[in-house]
1. When Lys and Arg each count +1 and Asp and Glu each count -1, what net charge do the other residues less than 12 Å away from residue 223, Cβ to Cβ, add up to?
2. Please order 11, 155 by the number of other Cβ within 10 Å, starting at the fewest.
3. In the neighborhood of residue 272, defined by Cβ-to-Cβ distances under 11 Å, what is the net charge if each Lys or Arg adds +1 and each Asp or Glu adds -1?
4. Can you work out D for segment 62-141 in µm² s⁻¹ from Stokes-Einstein, where Rh is the Kirkwood radius over C-alpha pairs, the temperature is 10 °C and the viscosity is 1.306 mPa s?
5. Using DSSP H assignments, which helices in the chain have an axial alpha-carbon span of 15 Å or above and a mean Kyte-Doolittle hydropathy of 0.0 or higher?
6. Which pairs, out of 167/269; 249/293; 229/268, put more than 20 Å between their alpha-carbon atoms?
7. Quick one: which residues, 5 or more positions from residue 35 or on another chain, have an amide H under 5 Å from its amide H? H modelled 1.01 Å from N in the peptide plane, none for Pro or chain starts.
8. Just want the ordering: 279, 196, from fewest to most Cβ atoms lying within 10 Å of their own Cβ.
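None of the figures in this text is laboratory data; all of them are computed from the coordinates on show. As the structure is a prediction and not an experimental result, all values here were calculated from the model. Cβ sites come from the backbone with ideal geometry, for glycine too, and all protein chains shown count toward neighbours.
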Amino acid sequence: MKPRYEGREFWKNYMTSWFGEELIEKWEKLAEVKQIDSINGKINIEVYKNRDAAKPVIVFSHGIAGYARLLLPFIIPLYEKGYNIIAPDLEGFGYNERKKGDFTFDVHLHNLNDAVRYARENFKGPVYLGGGSMGGPLAYAADARYNCADGLICWCLWDFSDREFIKETSTTKGLTYYIIPLLKLASAIFGRITIKTTRFVSYRALTSDRNFNSLIMLDPQSGSRISLKGALSLVTRGKPDLKHELYEKPVLVCQPEDDEMTRSYHTKKVYDRLKSKNKKYISFNGGHFPTDKQAYIKWGEGVDEFIKSIKN
């Protein structure tokens, strides 16, 4: 598929071909692009501010393939329910000026804590931290470390320290833990060198559309590449500071049941371990990143009902 848009406007290809051109107009009207200080310098955030600053804020993170603007199908339904939204570009992704794909797990947790801090300083309502795909585990790990959020809203939630998960989802499968010493050595010398992310994680099942999955690899803002230190950190640094069995805050977990990239089996394992008495699991049809607009309508309704249930 030949992209219609290039460079910084590449994100518009997904909207015109899959999610609806109206999302481009809504982004242009609603999004405020800002920069905030973080551990390696400034990071880009996109802020969707409703009239009522006392309404809850949702800080929603992208995963390993995307960046903030690709989350428009998730963001707009929440904004239209009245919520304030902050979508950060994590280190190595999106419109940040530093090297693409160069990050570590710990740096991403720091980025999310800084985004939550911005939310606390600029809004009055409770702050929920969440994310899609890898953004879900990142949100959990960030709150486990910094105790910064009032609850979690996750599209997928797995445990990076679960060897079964790593062996199933990585391209290196059962060899993963045997090659860690080699990866550590290479990272110590060539840590900032980036290679195709698909060397470690397949994007074949990112969506049900092969054209979409191929297009993401051409996007200059996407997670098409990853540094050696970044890949190593996901396996060796991904264990959260707080066990899931000890987490007591409200948690909403949404999971596509036909997901072949990160199976619902792994999300359900984590969900069942969560200690929270105020938790909810919502099943969705379709794959990892739905291209069906109905999924995002259901998503918006599900998040709205969950937050209102906490308030009540």
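1. Charge balance near residue 223 sits at -1.
2. 11, 155
3. +4
4. In µm²/s, the coefficient is 121.
5. Those that pass (Cα extent of 15 Å or more, hydropathy at least 0.0) are 176-190.
6. From 167/269; 249/293; 229/268, over 20 Å: 249/293; 229/268.
7. Sorted by chain and number, the residues that satisfy this are 45.
8. 196, 279
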